[in-house]
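Sharing a structure with you now.
No lab work stands behind these numbers, since they all come straight from the coordinates. Remember, it's a predicted structure, so these values are computed and weren't measured experimentally. Here the Cβ positions follow ideal geometry from the backbone for every residue, glycine too, while neighbour counts run over all protein chains shown.
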Amino acid sequence: MSDSGNFISIKALEDGVNVIGLTRGSNTKFHHSEKLDKGEVMIAQFTEHTSAVKIRGKASILTSHGEVTSDSKK
Ligand code: TRP
C-alpha cells in the first residue's frame, strides 16, 4: 500500500507529547512511540503497518480533514 501524498503533522504544544502508532489489521496494538518536546514537529503517514495514531498531550494536529488540538490531562 502506498499513500505517499498523505501526511499528517503533529506539533507539540508542551513537553512530553507522545505520538503512538497503532498496527493495521485484525489485531490493533501499539507498535511505535515517539516523544516530542514543545515546539517539535513530527510529520508522518499512514502505512501498511500503521492504521491509527494516538496522541497524548497538548498538540496541534493537521490532517487533510482539518486541524485539531489535543489537550493535556492536567
Ligand atoms: N514503521 C512505521 C510504519 O511504516 C513507522 C510509522 C509510519 C509511524 N507512520 C507512523 C510510527 C505514525 C508512528 C506514527 O508504519
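Quote the convex hull volume per residue of the chain, based on C-alpha atoms, as a whole number of Å³. Working shown, then result.
Details: hull volume 6.5 nm³, N = 74.
Here the figure is 88 Å³ per residue.
Using the crude model of +1 on Lys and Arg Cβ and -1 on Asp and Glu Cβ, and no other charge, please compute the dipole size for the chain relative to its Cα centre, in debye to 20. Could you put the intermediate results ahead of the total?
On the way: 10 positive and 9 negative charges, 62 e Å.
It comes to approximately 300 debye.
Continuing with this model, one more query. At most 11 other Cβ atoms within 10 Å and a DSSP loop assignment: could you name the GluC sites (Glu not before Pro) in the chain that fit? Numbers along the way, then the final one.
Values: sites: 14, 34, 40, 48, 67; in loops: 14, 40, 48.
When the GluC sites (Glu not before Pro) of the chain are filtered for loop state and at most 11 Cβ neighbours within 10 Å, 48 remain.
Next up: Below 9 angstrom from the Cβ of residue 22, what's the summed charge of the other residues (Lys, Arg +1; Asp, Glu -1)?
+3
Could you give the radius of gyration (one decimal) and Dmax (whole number) of the Cα atoms in the stretch 33-74, in Å?
Over the stretch 33-74's Cα set, Rg and Dmax evaluate to 11.1, 34 Å.
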